[in-house]
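Colleague: My structure is below; once you've seen it, I'll send some questions.
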Amino acid sequence: MNPLESFEKQLKESADMQVDHSASFIWEDLSKAIKPKKKKRRILLFWLLFSAVLTSGIIVLMVSDKTKSEQKPGEKQVEKPNAVIHDLEIAQDVSTDPKKEHRDFTPGGKRAINRGGEKKDVLIENAAVIEKLAIKKDRTGQNKVSGEFKTQTSQQSLTGINNSRTSDEQISNFNDGSQTYDNPGTEDDQEVSELASKNDGREVILNRELKSLDPLASLTITPSSLTGGENHEGIFSQPQCPTFREKRFSFFVELEGLAGIPLKQMNSGPEASKLYELRKSSEKPWYSAGAGLHFGMMYRNKFSVSTGLDWLRVNEKFDYSKTDIVDLIYHVDPNTGYVTGPFIVTKNITNSGQIRHTLMDIPVLLGYHMKSEHWNIGIQAGPFINLNLTSRGKIMTATDQVGQIKDQNSYKDAVGAGLQGSLSVSRNLTSNLSLYIKPSFKYYLNDWTNNEYPVRTKFNNASVSIGVRQTF
Amino acid sequence: MYPICSRYCRTAADAQDALLISFTKVFHNLGSYKAEGPLGAWIRKIVVRTCIDLMRKQKDINIIPIDSLQFQEIGFEYREQMTYDEMMKVVDQMPEGYRLVFIMSVIDEMSHAEIGQALNISESTSRSQLMRARKHLQSKILNKQNRYL
């Protein structure tokens, strides 16, 4: 070992012997007596529990909603009854008016013509073509049509029907031939429609203007005349549109990033005016950035409540300069050992860096939204709780020195409550996914510095967030 | 903790002041002690930083290593059984910048990052100062030459 290493080793051992003469049990007892701060695991535990409860609640609600209705709105298919008319027999007791004729509504189809009580078959050659059955009012006052009918529904048929429908037309759909219903246009309309609506969704569309119809009287279609066949007179029935029940509750998740401007407030009493001036001149707010994850519930696509986790970083610039520092220098002549001086040297010091404040908040926000087809506008407001504040960087001390924030016991570990509000504008990308932009303002109620620290400091934050919202 | 103060401060009075201020800070910041390390090491760190702050405040001089100055070369006869006071006298005669870095690194075993933070210098400056301090000390270990101030 060379002399220098030996010297250092010897010096270290001697110095250690100087320092710690106390028995080790004294340090142990001191450590036990000082109870260090418990790590804030409780808040993390609370947050995990809250997330678990909310997630399980969402899952339960989603599963129960799905079991209630198997079909989604819009996917319902209205089953149209098939009415088949075979060999319509025109009752011979029909009194006819030779002047009035039956109108043919379908191209290529056979016509049902009433000529003085003549029986005519009414058949349709083309099954895709829908013919209307003109039911004439019986001059005796009885309008009876019974039978089993098949109908075909199609958009084309709908159009065809609508185009060709006149006041004389009647489109009926009747139940099984064993029953007889009065024709529409009478006071029995209501009864007919009620009866028809009871029968497996078969529908009755009634035209009330029967009076002007052809005197072809009641067409009595007996069940015995019904035979199978390819060509049936289709009776068109207008489909009944399903009712779309609006979802009352829906859930959403938002993920966003933000950038903003921190707004700093500082004040102090007269006793700390020097420190206040030092800090004010050396610290300048720079920018803020953050991210947020929220999940919430929407009621009737208008009202919302949400919570989540926000992370925010507030950056400041630290810039300290001091001029005219006096340095006293003594010069020793190596040859003679004569000491000359002191020589006064003036110097300048510049010290710069960044100050970073990191915050974790839990917001609870209530919102109101207005939705259109593609765009949504909403406002949200509510309180938030700050879980943690971590401040790092340089800070001026009362003795005009540059120190570290963590050594000065200046900033708190948690700030407490605050209020925030925002206005969001979003664009629907798909039915469940939307992109939003959200200017917001965050106001912290309490100071960020400890109560004992003489200069009170606080930040508020104005920012713009951009994020995506997924709705379930 | 007084020996720590005495090796940083030039006079006994300064060392006593530093000790008093250090323990005031210890009691004031006791709530922030997080038990991540031994209590003694935590107090020691506060004492060292307090001593350095006090020295700066008193002299109003920024601690900048003065490399270009010429100091009288003081030699000493290295013996294997030197006392603590004799060794500290040798260390005290080094330039201020060398002395502080040497004490903090060799005796208090602080890392260059910690030294840089305490003295407001960079890590590389701290390393270079320690190297120069050792060089300076090396040149002072004279087996035969005896020149005293």
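Colleague: Return the residue satisfying two criteria in turn: it lies in segment A:311-323 and is of a type in the set (Phe, Trp, Tyr) and farther than 30 Å from A:ALA381 by Cα, and of such residues it is least open to solvent (accessible area, probe 1.4 Å).
Modeller: Once the filter is applied, the top-ranked residue is A:PHE318.
Colleague: To continue, here is another question. Consider B:ILE4 carefully, then state whether it is of a type in the set (A, V, I, L, M), under 24 Å from A:LEU328 (Cβ atoms) and either modelled with pLDDT of 80 or more or surrounded by 15 or more Cβ atoms within 10 Å (Cβ to Cβ) (or both).
Modeller: no
Colleague: Give the residues of segment A:287-342 that are more than 10 Å from chain B (Cβ to nearest Cβ) and not in a strand (DSSP E or B), sorted by residue number.
Modeller: A:ARG300, A:ASN301, A:LYS302
Colleague: Is there any pair with a first residue in segment B:90-118 that is more than 12 Å from every other protein chain (Cβ to nearest Cβ) and a second that is part of a helix (DSSP H, G or I) and among the hydroxyl-bearing types (Ser, Thr, Tyr) whose Cβ atoms are under 7 Å apart and which are 6 or more apart or on different chains, and what are they?
Modeller: Qualifying pairs under 7 Å: B:VAL101/B:SER126; B:HIS112/B:SER126; B:ILE115/B:SER105; B:ILE115/B:SER126.
Colleague: Examine segment A:324-331 for a residue that is of a type in the set (Ser, Thr, Tyr) and either at pLDDT 90 or above or buried (at least 19 other Cβ atoms within 10 Å of the Cβ) (or both), and state whether such a residue exists.
Modeller: no
Colleague: Now a separate question. Return a yes/no flag: does segment B:134-144 have any residue that is on the phi < 0 side of the Ramachandran plot, facing chain A (nearest Cβ under 9 Å), at pLDDT 85 or above and crowded, with 17+ Cβ neighbours inside 10 Å.
Modeller: Yes; the residues of segment B:134-144 include at least one that is on the phi < 0 side of the Ramachandran plot, facing chain A (nearest Cβ under 9 Å), at pLDDT 85 or above and crowded, with 17+ Cβ neighbours inside 10 Å.
Colleague: Considering only residues that are among the charged types (D, E, K, R) and crowded, with 16+ Cβ neighbours inside 10 Å, which ones fall in segment A:281-310?
Modeller: A:GLU283, A:ASP310 - these are the residues of segment A:281-310 that are among the charged types (D, E, K, R) and crowded, with 16+ Cβ neighbours inside 10 Å.
Colleague: Filter segment B:68-122 for residues that are among the acidic types (Asp, Glu) and farther than 24 Å from A:ASN2 by Cα; which is modelled with the lowest pLDDT?
Modeller: The extreme case among them is B:GLU96.
Colleague: How about segment B:1-44: which of its residues are touching a residue at least 60 places away in the same chain (Cβ under 8 Å) and within 24 Å of A:ALA33 (Cβ to Cβ)?
Modeller: Passing the criteria: B:ILE4, B:ARG44.
Residue by residue, here is whether (1) open to solvent by 30 Å² or more (accessible area, probe 1.4 Å); (2) assigned to a loop (DSSP other than H, G, I, E, B) holds:
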| site | (1), (2) |
| --- | --- |
| A:ILE362 | no, no |
| A:THR399 | yes, yes |
| A:LYS406 | yes, no |
| A:ASP447 | yes, yes |
| A:PHE459 | no, no |
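The values are calculated or read from the model by the stated rules, or taken from the named source; none is laboratory data. All values derive from a computational prediction rather than experimental measurement. Backbone-built Cβ (ideal geometry, glycine too); neighbour counts: all protein chains shown. Accessible surface areas use protein heavy atoms only, side chains included; no ligands, DNA or RNA. Shrake-Rupley method; radii C 1.70, N 1.55, O 1.52, S 1.80 Å.
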